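The values are calculated or read from the model by the stated rules, or taken from the named source; none is laboratory data. Everything quoted here is computed from the prediction, not taken from an experiment. Cβ coordinates were reconstructed from backbone atoms using ideal geometry, including for glycine residues, and neighbour counts include every protein chain displayed. Protein only, heavy atoms only, side chains kept; ligands, DNA and RNA dropped before computing areas. Shrake-Rupley method; radii C 1.70, N 1.55, O 1.52, S 1.80 Å.
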Amino acid sequence: MTDPSAPSPAASGPTSKSRREQIHEVASRLFSERGYHGASMRDLAAELGMQGGSLYAHISGKEALLIEIVEQAARQFEAALLDLGTDPRPADERLREAMARHLTVVAGNLESATVFFHEWKHLSPDAYARVTAWRDTTEAFYRGLVAQGMREGVFRADLDVKMTANLILSAVNWAYTWYRPGGRLSPREVADRYAGLLLDGLRPPPKEATP
């Protein structure tokens with residue numbers, strides 16, 4: 001008898017996704033479409049063509065799956081952003097690059113990004129605390145860019161650092177609600193336009209020429 005948990009012949013090549021990756025991918029789609037509470041493990045097994053018992057051979061339960069999806073998304077953002085903390089470029093250039101990387105992660109992983117930004121509130125207390133700590137770290141990263149830009153003189157000296165960082169994060173995080181692949185603008189082009197609009201408001205006014 002064929003093991004229902006085994007990958008199908010069409011997905012058994014060397015470049016195919018592992019069963020674990022398939023589970024994550026389908027769970028991300030179901031959680032993003034139906035919400036965490038609206039998608040059951042039975043739904044997930046049916047989408048994967050598996051029996052329920054076979055699914056539990058790969059994952060201990062629905063919450064464990066949610067935790068893995070959310071933490072994997074957090075690691076993707078960390079990998080994309082945090083090395084910019086030591087980048088030698090001026091703060092305005094680093095902010096433009098950070099927004100481009102941030103949006104690229106969101107646009108390339110729309111379903112898991114939806115789960116990360118919308119369904120994380122269903123996590124158990126320990127996992128919730130870990131995600132909250134990650135969000136604090138990311139906010140601190142953007143606050144640091146804004147503060148450095150103010151010190152460098154490339155941003156206005158009267159900015160509210162926390163509010164400015166939250167505005168930037170709102171622009172890039174909420175792209176999961178409207179961005180769709182195949183549109184006329186790539187993620188980097190969207191980020192460049194966002195950054196252009198924001199930087200126009202962040203930069204100090206030009207100094208008047210001395211007569």
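Key figures
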read-out	value
Residue list for segment 38-78, restricted to those being of a type in the set (Ser, Thr, Tyr), assigned to a loop (DSSP other than H, G, I, E, B) and open to solvent by less than 50 Å² (accessible area, probe 1.4 Å)	SER40
Matching helices (runs of 4 or more DSSP H) fully within segment 106-203 where at least 3 residues are at pLDDT below 90 and either crowded, with 19+ Cβ neighbours inside 10 Å or of a type in the set (A, V, I, L, M, F, W, C) (or both)	125-152, 187-202
Filter result for ARG96 (closer than 20 Å to MET163 by Cα and either in contact with a strand residue (DSSP E or B) (Cβ under 6 Å, 6 or more places away or on another chain) or of a type in the set (D, E, K, R) (or both))	yes
Subset of segment 95-105 (residues that are of a type outside the set (Lys, Arg), more than 10 Å from the chain's Cα centre (by Cα) and open to solvent by 10 Å² or more (accessible area, probe 1.4 Å))	GLU97
Residue count, segment 23-37 (criterion: of a type in the set (Ser, Thr, Tyr) and assigned to a helix (DSSP H, G or I))	2
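Listed here are the residues, each with its yes/no results for (1) exposed (fewer than 14 other Cβ atoms within 10 Å of the Cβ); (2) closer than 28 Å to ASP136 by Cβ; (3) at pLDDT 90 or above.
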position	(1), (2), (3)
THR2	yes, no, no
LYS17	yes, no, no
ALA80	no, yes, yes
ASP87	yes, yes, yes
